[in-house]
């Protein structure tokens with residue numbers, strides 16, 4: 001998930017659909033905006049990892065809320081970590097990352113452009129889940145990645161139910 005931009009109801013609905021699909025961990029590629037947008041993540045009790053985006057003005061407030069509410073850390077972008085035997089890179093603006101860094105990760109999740117996208121560079125899967133807020137392109141969206149198969153399923157909420 002990326003680019004929530006404070007749209008709590010859309011984030012909550014995307015998380016409901018992700019849970020229904022069996023998601024065990026949520027990654028957020030930045031632009032939460034305000035700390036209150038973390039509430040739906042708190043309520044899910046899912047594992048969580050996130051990075052700050054360029055519109056996250058209250059980084060300390062976001063960090064404090066994430067640590068106190070569900071015991072997690074938020075990181076400066078980019079953030080590299082390992083999970084399920086895969087090396088992941090979580091970044092807000094992929095333009096901030098050198099090509100060799102992308103290629104040294106099996107999966108790269110980024111945001112910033114608000115557009116859903118999936119591509120590969122060498123053996124690296126690069127995914128932009130789109131915009132959880134739906135403000136720019138009219139429909140809140142997210143993505144689900146199967147770490148074993150590197151298969152991606154995009155989720156897009158009905159734009160008629162989520163007017164801008």
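All of the numbers you see were taken from the coordinates with simple rules; none came from a lab. Note that the structure is a prediction, hence the values are computed from the model and not measured. Please note: Cβ atoms are built from the backbone with ideal geometry, for glycine as well, and neighbour counts cover all protein chains shown.
To the nearest 500 deg cm²/dmol, what mean residue ellipticity at 222 nm is calculated for the chain from DSSP H runs of n ≥ 4 alone, each contributing -39,500 (n - 2.57), summed and divided by the residues?
Details: 4 runs with 36 residues, N = 164.
So the helix-based figure for the chain works out to -6000 deg cm²/dmol.
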Inset, instruction - Return the FRET efficiency for the residue pair residue 42, residue 104: r is the Cβ-Cβ distance, R0 is 41 Å, and the value is rounded to the nearest 0.05. - result: 0.80
Inset, instruction - Quick one: go through region 1-27 and flag any residue whose amide nitrogen is under 19 Å from the point 7 Å out along the Cα-to-Cβ line of residue 58. - result: 3-12
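Which value in Å does the Kirkwood hydrodynamic radius of region 12-88 take, with 1/r averaged over all unlike C-alpha pairs and then inverted? Each step should come with its number before you reach the end.
Values: mean 1/r = 0.0775 Å⁻¹.
In region 12-88 this quantity evaluates to 12.9 Å.
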Inset, instruction - May I ask you to sort 68, 77, 2 by Cβ crowding, counting other Cβ atoms within 10 Å and putting the fewest first? - result: 68, 77, 2
Legend entry - Rg/Rh for the chain, where both radii come from Cα atoms and Rh is the Kirkwood radius: 0.93
